[in-house]
Ligand SMILES: Cc1cc2nc3c(=O)[nH]c(=O)nc-3n(C[C@H](O)[C@H](O)[C@H](O)COP(=O)(O)O)c2cc1C
């Protein structure tokens, strides 16, 4: 039965899907085929220490982790691999989708999409490392959704294990409608396994995608999994979890994160509260508004934990 279901991949989300989140998510919820790390890149003197810690296999306990590299050329990607290559990861993802203006202006992330020759150069990393496999995560284009069609010859010739497409342009950032038609045109002509990404947050949407696009390899989900962490597990087992099961797993995830950040953040209670409150930007969007406000306004940890307890109880 599970063979008929789409694979679900956890999208990389800088500031959210870090090592404690991924480890606890897999333990408490699961249902995800692979976890993509937020992008790592070569900064002035190498990969940031924080990013190295996030990739360190000793800290990572998920079954399948795909480190994501952001680079504008094969040489730059190689520099990153030089630093993390010794850790034994066999598959990597290349970021061609990040829409932060500072990144895109430098021709990285989705800023590379209008330039097929630069994409071709970046993808040579796969030829240089035949022992590794590479996927790309891209958007339909930077300015225009037709850009992905112009990239097809380059992508189809490259040695790639898959292509994840966030069905928006860079200009759209994270808002506005996903262009499913443009995505489908691309997916039908792409020779690699194609994964859909963008705006999926319910079981019904997953079923509809499966029906609409039977050729999909899978679906990558970001904000939908932050909002409803049980989504992938429920989809995998083919039935919804009851409220008690959902809330008990969520309490577990929340507790793991609170423990982890209380132990590791050095900026005291204020920093801990700020860190924890960021999760509530996405978590349980249907929760009572007043209860959510209480969480966001909490001034100390006891106030915060009490507000979280109440919200989860009322769900
Ligand atoms: C806060 C935030 C951080 C993100 N960080 C990354 C990243 O590091 N690498 C990447 O490829 N995409 C990143 N994305 C994009 C997501 O992976 C995903 O493509 C996008 O959110 C659309 O999917 P969704 O609608 O399922 O969330 C980020 C998105 C958000 C909102």
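Values in this text are rule-based calculations from the coordinates and carry no lab data. These numbers were taken from a predicted model, which means no experiment stands behind them. As a convention, Cβ positions derive from the backbone with ideal geometry for all residues, glycine included, and neighbour counts pool all protein chains shown.
All distinct Cα pairs of the stretch 1-94 go into the 1/r average, and the inverse of that average, the Kirkwood radius, is 13.9 Å.
Taking all Cα pairs closer than 8 Å and separated by 6 or more residues, the relative contact order of the stretch 106-197 comes to 29 percent.
Largest GNM mean-square fluctuation among 51, 204, 78, using the chain with Cα springs under 10 Å: 204.
Comparing 162, 82, 109 in a Gaussian network model of the chain (Cα springs below 10 Å), the most mobile by mean-square fluctuation is 82.
Expressed as a fraction of 2.2 N^0.38 Å, the rule-of-thumb size for a compact globular protein of N residues, what is the C-alpha radius of gyration of the chain? Don't jump to the answer; show the numbers that get you there.
Numbers: Rg = 19.7 Å, N = 315, 2.2 N^0.38 = 19.6 Å.
Output field value: 1.00.
For the stretch 243-314, a/c is not less than 1.5, where a ≥ b ≥ c are the root eigenvalues of the C-alpha gyration tensor, and a/b does not top b/c. That puts it in the oblate class. Please work out the Cα center distance from the stretch 34-49 to the stretch 115-189, rounded to the nearest Å. What the calculation gives is 20 Å, centre to centre. Please state the shape class of the stretch 30-85: rounded when a/c is under 1.5, otherwise prolate if a/b exceeds b/c and oblate if not, all from the C-alpha gyration tensor. Prolate, because a/c is 1.5 or more and a/b exceeds b/c. Starting from the Cα of residue 75, step 7 Å toward the Cβ, then list every residue of the stretch 85-111 with an amide N under 15 Å from that point. So the set is empty, nothing qualifies.
Cα centroids of the stretch 233-260 and the stretch 280-315: how far apart, whole angstrom? After rounding, the separation between the Cα centres reads 16 Å. Full extension of the chain between residue 262 and residue 173 gives 28.8 nm of extra length, using 0.36 nm per residue less the Cα-Cα distance. Figure legend: label point modelled 7 angstrom from the Cα of residue 157 along Cα→Cβ; residues of the stretch 103-118 with amide N under 12 Å from it are 116-118.
Quick check on the exposure proxy: order 221, 84 from fewest to most C-beta atoms within 10 angstrom.
Details: 221 26, 84 19.
Fewest-to-most ranking of 221, 84: 84, 221.
To the nearest 0.05, how large is the calculated FRET efficiency for residue 215 and residue 120 if R₀ is 35 Å and r is the Cβ-Cβ distance? Provide the component values of the computation, followed by the final result.
On the way: r = 25 Å, r/R0 = 0.71.
Result of the calculation: an efficiency of 0.90.
Between residue 180 and residue 277, the simple spin-label model (points 7 angstrom out along Cα→Cβ) gives 3.7 nm. If one takes the longest principal axis of the Cα atoms in the chain, at what angle in degrees, from 0 to 90 and to the nearest 10, does the Cα axis of helix 301-314 lie? Tilt relative to the chain: about 90 degrees. Taking other C-beta atoms within 10 Å as the exposure proxy, 98, 237, 190 rank 237, 190, 98 from fewest upward. Subtracting the Cα-Cα distance of residue 149 and residue 56 from their residue separation scaled by 0.36 nm leaves 29.8 nm. So if R0 is 35 Å, what FRET efficiency would residue 315 and residue 133 give, r being the distance between their Cβ atoms, rounded to the nearest 0.05? Once the sixth-power term is evaluated, E becomes 0.30.
At a Förster radius of 25 Å, what calculated FRET efficiency corresponds to the Cβ-Cβ distance of residue 289 and residue 205, to the nearest 0.05? Before the final figure, lay out each step's value.
Working: r = 24 Å, r/R0 = 0.96.
The computed FRET efficiency comes out at 0.55.
To the nearest ten degrees, helix 19-28 and the longest principal axis of the Cα atoms of the chain are 70 degrees apart.
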